[in-house]
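Have a look at the structure below before the remarks.
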């Protein structure tokens, strides 16, 4: 930032007095806006330009000094004698049509530091900023994307955002986009499926934290994607033989990652009537045979499959949201809840993925502490005496899960081996949130845990940030007042405060919603990371 220093100190014969007067009378004036305006005028009025940049047949007057100061790529291009461009007065730049459409705004940013970006333009602007290494503009574009991921999904732009940021190493935004897709796959529009590349889809299908109604939902997603690919292949220059070979390979490769053993027998039976099954009968019959072996308890065959590459993933459940595997927990009037409030929910799940008609269900109690946890002062009586237990207050949002159906003792055999008296499950805590008015699953916390008669309770802290959830960031929107007399509206207040209460939903932003998913695990599952036990 440039400063103009005005020194109005008078001459004095005394050094000490002169210094004191200078300190009292010096004035720093910030006139940077005027200087920026002068630089912007060079662009607006095309004054003193010494270079023409031609993009898409259109010439844009520019200044070497400004280009070199703004872009490391232009600096090398225009100052390095080994580049032919350093001596040219007109340089032709090869840009994509979308890049060419935003190039004048991109160039103007060099002079003014201002640019208007939207869902349609942020990606081409970012691609230009990456290409010419304009780091500050890259940061601005990535910040915009991270704050508008939900809207990008609603507008059918998320896949292109995800794939570009993954390819260019913008890892934070890429991960945020990928998480949104994994946890909200139903949001992916058919118009985006044509853009979803093979490798990207295969990477997604290998994740076990996909949030889906059931595995059949994923099957239908893959079918929709394949239909889009078939439309594209039919317009290619491939011969009929090449087209069939490519199509057959694509179908088998993609469906190899769909976990058919996680489908119930009724769903598998319906697949027999699908056109793809008839078209690739040998492949699908093999996959369904594996699934039926698992569903009918033929575990010798299952063991053979799990030893193959990727075999264990076939028997690993994802985060299924149908009622069979969990429940939605909604807390209304959140702002009116007292401190240390507890809300209790009770539900049941099936004890086994392969046991569709199980008479015995797993019973669960979930205690939600959204306003912190308070342990009152108490006394502990043990054989050696009596001890005072002090009061403890925890500033945490706690989700306490209790298994009510743990067997008291080991009395059964499973898979031909003695079974421990425990219930081994994968728990998913799906936390709903809102971004720019779009409600979606905003975060997911996973735990793999063994419940037993001695350890029936699992406490999960950190699924939501306590301070973010409980700090009053805003006041409810006031009734509409005449112009000039109303206070800040809710949207403006949130924007000015810099953040929204992300995890509170509804028109009054006072509903907390989470979903607890509990799916059973067997020894055939692949589970990454550590496993807790008690």
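Laboratory data are not the source of any read-out in this text; all were calculated from the coordinates shown. Keep in mind that this is a model prediction, so the values were computed, not measured. Virtual Cβ from ideal backbone geometry, glycine too; neighbours counted across all protein chains shown.
Taking a spot 7 Å from the Cα of residue 185 along the direction of its beta carbon, which residues of the range 215-247 have an amide N less than 14 Å from it? 215-226, by backbone N distance to the label point.
In terms of its C-alpha gyration tensor, the range 31-147 has an oblate overall shape, because the principal axis ratio a/c (a ≥ b ≥ c, square roots of the eigenvalues) is not below 1.5 and a/b does not outweigh b/c.
Distance between the pseudo-spin-label points of residue 94 and residue 223 (7 Å out from Cα toward the beta carbon): 4.3 nm. For the range 197-320, the extents of the C-alpha atoms along the principal axes are 47, 28, 27 Å, listed from largest to smallest.
The mean of 1/r over all distinct Cα pairs in the range 103-160, once inverted, gives the Kirkwood hydrodynamic radius of 11.6 Å. Using the Cβ-Cβ distance between residue 167 and residue 378 with R0 = 41 Å, the FRET efficiency computed as 1/(1 + (r/R0)^6) comes to roughly 0.10. With no solvent and one equal point scatterer placed on each C-alpha of the range 179-228, evaluate the Debye formula and give log10 I(q)/I(0) for q = 0.18, 0.19 Å⁻¹, two decimals. Evaluating at q = 0.18, 0.19 Å⁻¹ gives log10 I(q)/I(0) of -0.51, -0.57.
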